[in-house]
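Data first, discussion second: the structure below is written as structure tokens.
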Amino acid sequence: MFGSFAYYSLPAQRVSLESIVTSEWQKPGFVCKPLQKTTLHGLSTDWSFDECLANVIAPDTTNVNAATKHANVVHYDYNFASDGDSNKGVVSVYDVAYASSVLQKTNQASDDWKRDGYSCYPEPPYDNTFNVHYNHSECLDVVLPPSAATVQSQSPNGYGFSYHPFGNEFSLGYPCSASLVSRLLTAHSSCPIMPPCSGSCQCIYAKFLPSGAVINTWCDETKPYYVFGGGFYAGMQNMLDASGSITLDLAIKGWNDILNTQADQHGGFGNEFMCSFLKLNGNGFRCFDKPKPPATKEVAIQQYASEYPPETICAPLKLNSPFQCTRNVEVPAPTRLSLSVAAAQAVFALTGIALVALLRKLQMPSTTTSESLSTDGDLRSMMRKLRNEFHSTVDKLRTDQDQLRTGQDQLCTGQDQLHTGQDQLRAGQGTHEELIQKLLSKEGGR
């Protein structure tokens, strides 16, 4: 027993595994793991919450990848974990935002660009004045000022320069309309006095801007508006240069004059005027109640890192109940002592059984039966003996049967004698009654 107690006192035997099943994802002192798999953002797994935290890969250039989504627009998804090519965990801010979005496209269209509590963007393919993806609010911050990158010549000879507020790579420039021309001519009503003109001068075909550039009194609404150089003056002895040639520097100054023109009752001529055209889009506006998905990989990495830390990604695993929670506990000394006694008893019992079996083999008793089975002659002798014993038993059985029959006959004789006695008793009873009647008669005669 002391040996078994020493065994159960070894470090490996002093602890046992305690296990419980619970609906809680964690329990103090225990390690908990779900009993079934679940799908985590497309990844089939039986991770616990802590295992998930250890296995999520932080977003970087290798696992944030471009993905073509709705209307062939490219967005960026975050592959945070994978188990083979087909089992991947992917988070997509675009998918999350798109699932709760609302498409506004009405016949009136004037108010489709806005929705309370939402941020609305033109729905691709873009069908607005500039064919850009910006909404009205974004436009105000991204319009580029006149410069060599936004002002371009309209012809090889440099006649007229148009302004493209989102860069020269966009074919559509500052929009031209009859109402725009009327407003500009009204705002710039004076005609500067330039030599050799003296006295009153009247601008017939164009008007000069403060910078010296010229604005047209008409425009083609299918093309961008533009500024040019030169002009005609009535009452002048000599005409100024009417070739309309203008340098890029003067064109840039001219466009700054237009954008900074004082606002009238319809509004200004700068960013607000240009961005107002983005309140209309032929395909409507998609309105999101979540932040706009990132447009570049660098921004996407930053957004995933801030909005989808491992704790957020792994949070659904807390609901994957039931959980099996386990821990190692030390076996108490009384329990180890009890186990030692039980083990000692089991060893003693097994040893006793083994010794009894061994002794029975070594004893080899020399009985007639065992010796008679050693040879064929002895076997025949044994058979005869058994046969004689059988016949003796049969004879004894017959004798017992005869004795039984004799007993039965004696029983029948006794029953006959009993019946005779009963008859004699009845006869005696009758004689007795007659004597009593006679005695009663004699008493009555006296």
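The values are calculated or read from the model by the stated rules, or taken from the named source; none is laboratory data. Bear in mind the structure is a predicted one, so any value in this text is a computation, not a measurement. Because the Cβ atoms are built from the backbone with ideal geometry, glycine has one as well, and the counts that use them run over all protein chains shown. Heads up: the accessible areas ignore ligands, DNA and RNA and are worked out on the full protein's heavy atoms, side chains in. Shrake-Rupley method; radii C 1.70, N 1.55, O 1.52, S 1.80 Å.
Each eigenvalue of the Cα gyration tensor of the stretch 56-178, multiplied by 5 and square-rooted, gives one semi-axis; in descending order these are 37, 22, 12 Å. With all protein chains in place and ligands, DNA and RNA left out, the 1.4 Å accessible area ranks Ile215, Ile20 as Ile20, Ile215, largest first.
Net charge of the neighbourhood of Val64, taken over other residues with C-beta under 13 Å away and scored Lys/Arg +1, Asp/Glu -1, is -3. Counting heavy atoms of the protein chains alone, Thr312 has an accessible area of about 70 Å² for a 1.4 Å probe.
Rounded to a whole number, what is D in µm²/s for the stretch 272-315 from Stokes-Einstein with the Kirkwood radius over alpha-carbon pairs (10 °C, 1.306 mPa s)? Answer from the Stokes-Einstein relation: 117 µm²/s. Legend: distances between Cα atoms for Lys105/Lys223; Lys27/Lys69; Lys105/Lys318; Lys69/Lys279; pairs beyond 32 Å are Lys27/Lys69; Lys105/Lys318. Ser306 sits with roughly 80 Å² accessible to a 1.4 Å probe, with DNA, RNA and ligands left out of the calculation. Placing dummy labels 7 Å off each Cα toward the beta-carbon, the span from Ser392 to Ile353 is 4.0 nm.
Each Lys or Arg adds one and each Asp or Glu subtracts one; over the other residues with Cβ under 15 Å from the Cβ of Pro316, this totals -2. With a cut-off of 12 Å between beta carbons, the residues surrounding Ile301 carry a summed charge of -3, where Lys and Arg count +1 and Asp and Glu -1. Remark: accessible surface ordering of Asp83, Asp264 (largest first) is Asp83, Asp264, probe radius 1.4 Å.
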